[in-house]
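Data block below; observations after.
The values are calculated or read from the model by the stated rules, or taken from the named source; none is laboratory data. Everything quoted here is computed from the prediction, not taken from an experiment. With ideal geometry, Cβ positions are generated from the backbone for all residues, glycine too; neighbour counts draw on all protein chains shown.
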Amino acid sequence: MKIQTVRGPIRPSEVKKVLVHEHTLVHYQKKSAINPVYFSLIRKKVPDIFMELKKYGCNLVVDQTIGYSRYPYLYKEFSEKTGIHIVAATGFYTDKYLPHFVRKMEECEIEEYLQQEIEKGMDGTEIKPGVIKIASGSMTLTRDEKKIFHAATKVCKKTDVPVQVHSYPGLKTITDFFLKQKIPREKVALAHVEACSWLDIKHAAEKGFYLVFTNFGREMKESKGREDIVPEDVIIAQIVYLVRKGYLRQIMISQDFAFFAMDKKLVPYFHQPYTYIFETVVVKLLERGLKIHEIEKIFTENPIRYLSV
Ligand SMILES: [Zn+2]
């Protein structure tokens, strides 16, 4: 078994704690349009926070960024500099953000694209992804999202590379899609479930998929009526309930932090950095009665099992 990182494959035994859904630099402009100032800024910021993460025993971060702001060489550089392993993603985001070339592609061409990235490397580099990221942005899958979901399922079955899905808000649709496709359930992680319907969360858990809880500590500052932001104590209660019901093996936790490139500044996305998980969320879970060995399953054993091919 191995885990594919941006510096090559590593043995699962090398992995300590994992954050399974994070970002570093995010922007929505074409690569050629992006101001180089962001790169000097990000090179200053990320290594320092990664070094902080190491203090909590975390040594692997999955960067879920795909599309224009995915930078394989930058991830490799961060990883070499800090010793934090980075797993990068191939795939596509929600319909709204799809590049034009994807809309024109047939399902088999998308399949070929994903497979090529996995086998040869991302964006023509030799750096390989370790996860397939796909996304749905509404209660149903659009025509293009459906193409992508089918292609990702096929590539996952062929290569064993796991899939991670932006599942808000259509978690039920996505769960049903994967059940119909008969994809191995331990290969699928459904992310941002915390904001979905509680019945849908329980349904996805019962069906055996991994659930990734994200976006902690956001309600204080930025919720502004957004429905995808859930009070932290609610998310903690969801996790504790599911652990007590026997779904510990399927739970993973991450912050979904990002630096957004805006007005020549890097804006921390919803303020709480990666370390917030270990500083605050883990403390709250322990206070609510989770045991240390259960925390270890959530941050180490589960992500290792999920990411290993
Ligand atoms: Zn994300």
(message) Given the criteria under 23 Å from Asp233 (Cα atoms) and either over 15 Å from the mean Cα position of the chain (by Cα) or within 15 Å of the ligand (Cβ to nearest atom) (or both), does His192 qualify?
(response) yes
(message) Take the conditions among the small types (Gly, Ala, Ser), within 17 Å of the chain's Cα centre (by Cα) and more than 14 Å from Lys154 (Cβ to Cβ) and apply them to Gly124. Does it pass?
(response) no
(request) Restrict the check to the range 202-217 and report whether at least one residue is over 27 Å from Phe149 (Cα atoms), surrounded by 15 or more Cβ atoms within 10 Å (Cβ to Cβ) and within 16 Å of the ligand (Cβ to nearest atom). (result) yes
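Rundown of residues vs (1) in contact with a strand residue (DSSP E or B) (Cβ under 6 Å, 6 or more places away or on another chain); (2) among the aromatic types (Phe, Trp, Tyr); (3) away from the ligand (no atom under 15 Å from the Cβ); (4) on the phi < 0 side of the Ramachandran plot, yes/no style:
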{"site": "Asp63", "(1), (2), (3), (4)": "yes, no, no, yes"}
{"site": "Tyr73", "(1), (2), (3), (4)": "no, yes, yes, yes"}
{"site": "Glu77", "(1), (2), (3), (4)": "no, no, yes, yes"}
{"site": "Met105", "(1), (2), (3), (4)": "no, no, yes, yes"}
{"site": "Glu119", "(1), (2), (3), (4)": "no, no, yes, yes"}
(message) Scan the range 218-230 and tell me whether some residue there is under 28 Å from Tyr28 (Cα atoms), of a type in the set (Ser, Thr, Tyr), out of contact with any Cys (no Cβ under 8 Å at 6 or more places or on another chain) and modelled with pLDDT of 95 or more.
(response) no
(request) Tell me, please, whether a residue that is more than 30 Å from His27 (Cβ to Cβ) and hydrophobic (A, V, I, L, M, F, W, C) can be found in the range 248-269. (result) yes
(message) Being within 19 Å of the chain's Cα centre (by Cα), hydroxyl-bearing (Ser, Thr, Tyr) and more than 16 Å from the ligand (Cβ to nearest atom) is the filter here; which residues of the range 1-55 pass it?
(response) Thr5
(message) Just the residues that are surrounded by 23 or more Cβ atoms within 10 Å (Cβ to Cβ), in a loop (DSSP other than H, G, I, E, B) and within 16 Å of the ligand (Cβ to nearest atom), please, taken from the range 148-169.
(response) Pro162, Ser167, Tyr168
(request) State which residue is surrounded by the fewest Cβ atoms within 10 Å (Cβ to Cβ) when the search covers only the range 239-261 and only residues that are away from the ligand (no atom under 16 Å from the Cβ) and either at pLDDT below 95 or over 19 Å from the mean Cα position of the chain (by Cα) (or both). (result) Gly246
(request) Show the residue pairs that are 6+ apart or on different chains and have beta-carbon atoms under 8 Å apart, the first residue being within the range 237-258 and more than 23 Å from Ile66 (Cα to Cα) and of a type in the set (S, T, N, Q), the second being modelled with pLDDT of 95 or more and within 16 Å of the ligand (Cβ to nearest atom). (result) Gln238/Glu194; Gln238/Phe213; Gln250/Tyr210; Gln250/Leu211
(request) Could you tell me which numbered condition Lys202 fails, if it satisfies all but one of (1) touching a helix residue (DSSP H, G or I) at 6+ places or on another chain (Cβ under 9 Å); (2) modelled with pLDDT of 95 or more; (3) closer than 21 Å to Tyr97 by Cβ? (result) (3)
(request) Go over the candidates Ala204, Ala189 one by one and state the one that is part of a strand (DSSP E or B), of a type in the set (Gly, Ala, Ser) and under 26 Å from Ser138 (Cβ atoms). (result) Ala189
(request) Please find, within the range 262-275, the residue that is farthest from Leu211 (Cα to Cα) out of those that are away from the ligand (no atom under 15 Å from the Cβ) and surrounded by 18 or more Cβ atoms within 10 Å (Cβ to Cβ). (result) Leu266
(request) Assess whether Glu301 counts as being within 17 Å of the chain's Cα centre (by Cα) and among the charged types (D, E, K, R). (result) yes
(message) Please count how many residues of the range 123-147 are in contact with a strand residue (DSSP E or B) (Cβ under 6 Å, 6 or more places away or on another chain) and either closer than 20 Å to Lys30 by Cα or of a type in the set (A, V, I, L, M, F, W, C) (or both).
(response) 5
(request) Just one of (1) crowded, with 17+ Cβ neighbours inside 10 Å; (2) under 20 Å from Asp256 (Cα atoms); (3) out of contact with any Lys or Arg (no Cβ under 6 Å at 6 or more places or on another chain); (4) at pLDDT 95 or above trips up Ala195, so point out which. (result) (4)
